[in-house]
Amino acid sequence: NASVLGADAKPGTPEFDLFIKEVHREMTVKGGQKCTAIRRVIVHESLIDEVQKALSERLSKTVIGDPLLEGVRMGSLAGLEQRDDVIEKVQQLALSQEIVYGDVHKFEVNGADKTKGAFISPILFRNDDPFVKTDVHNIEAFGPVSTLIPYKTIEDAIAISRLGKGSLVASIVTNDDQIEKDFVLGSAAYHGRILIL
């Protein structure tokens, strides 16, 4: 699943803030173990550094641990086998793209033993060459794992979204009617539904 940030949604706009909030939520709610979770975060190249910074800052405030404790915002994955599978997929993805936030082994857990529980840190990748480094479109780590991908034009964003070969849902965040129209018409056949924010 992919979410696209329009080139108009600069830092300080409601659209930018909503995008960061929603990507963070999709990465961390249920430990990112949802069929509709955002895996590919497609951002105009002029905004990619700002998105990386803002999302990393928000992820750094995500407290991992026993969800019964006040302040904990992300619990464990469904089981140890799933945690190990996510770690394996992260290692595969790391061969072709860079981890810009998180570490599958170095993170803190509140109120639980991370060696016994199926805990994992959110992992944010960045892939600056998505048409060549294509693992991101084919390998899914079913956990709190997403990849930032820059695009130059809305046509590029459409092409990148299509590389996933179909998804349950995609979304676009923009205040520009032409951008949203172009994206929907260009990518609708590849997604079960498209959410426009």
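The values are calculated or read from the model by the stated rules, or taken from the named source; none is laboratory data. None of the values given here were measured: they were computed from a predicted structure. We place every Cβ from the backbone using ideal geometry, glycine too, and count neighbours over all the protein chains shown. SASA here: full protein model, heavy atoms, side chains in, ligands and nucleic acids out. Shrake-Rupley method; radii C 1.70, N 1.55, O 1.52, S 1.80 Å.
Structural remarks
- Cα gyration tensor shape of the stretch 56-109, rounded if a/c is under 1.5, else prolate or oblate by comparing a/b with b/c: oblate
- 3J(HN,Hα) couplings calculated from phi for the stretch 32-43 with the Karplus curve 6.51 cos²θ - 1.76 cosθ + 1.60 (θ = phi - 60°) are, in sequence order, x, 9, 9, 5, 9, 4, 6, 9, 10, 9, 9, 10 Hz; Gly and Pro show x.
- When the chymotrypsin sites (Phe, Trp or Tyr not before Pro) in the stretch 120-161 are filtered for DSSP coil states and for at most 12 other beta-carbon atoms within 10 Å of their beta-carbon, the remaining sites are Phe131.
- Computed from point charges on the beta carbon alone (+1 for Lys and Arg, -1 for Asp and Glu), the dipole magnitude for the stretch 1-140 about its Cα centre is near 280 Debye.
- Ignoring lysines fewer than eight residues from Lys181 along the same chain, the ones with Cα atoms less than 24 angstrom from its Cα are Lys10, Lys21, Lys152, Lys165.
- Working from Cα pairs under 8 Å separated by at least six residues, relative contact order for the chain is 28 percent.
- Helix-only [θ]222 nm of the chain, DSSP H runs n ≥ 4, -39500 (n - 2.57) each, per residue, nearest 500: -10000 deg cm²/dmol
- Of all accessible heavy-atom area on the chain, the percent that carbon and sulfur account for (1.4 Å): 51 percent
- Per residue, the chain exposes an accessible area of 49 Å² to a 1.4 Å probe, with every protein chain left in place.
- Full extension of the chain between Val29 and Ile99 gives 23.2 nm of extra length, using 0.36 nm per residue less the Cα-Cα distance.
- Those residues of the stretch 40-67 whose amide nitrogen sits under 13 Å from the label point placed on Lys10, 7 Å along Cα→Cβ: 46-47
- Links that overshoot a 22 Å alpha carbon limit, given the list Lys34/Lys106; Lys61/Lys106; Lys53/Lys116: Lys34/Lys106; Lys53/Lys116
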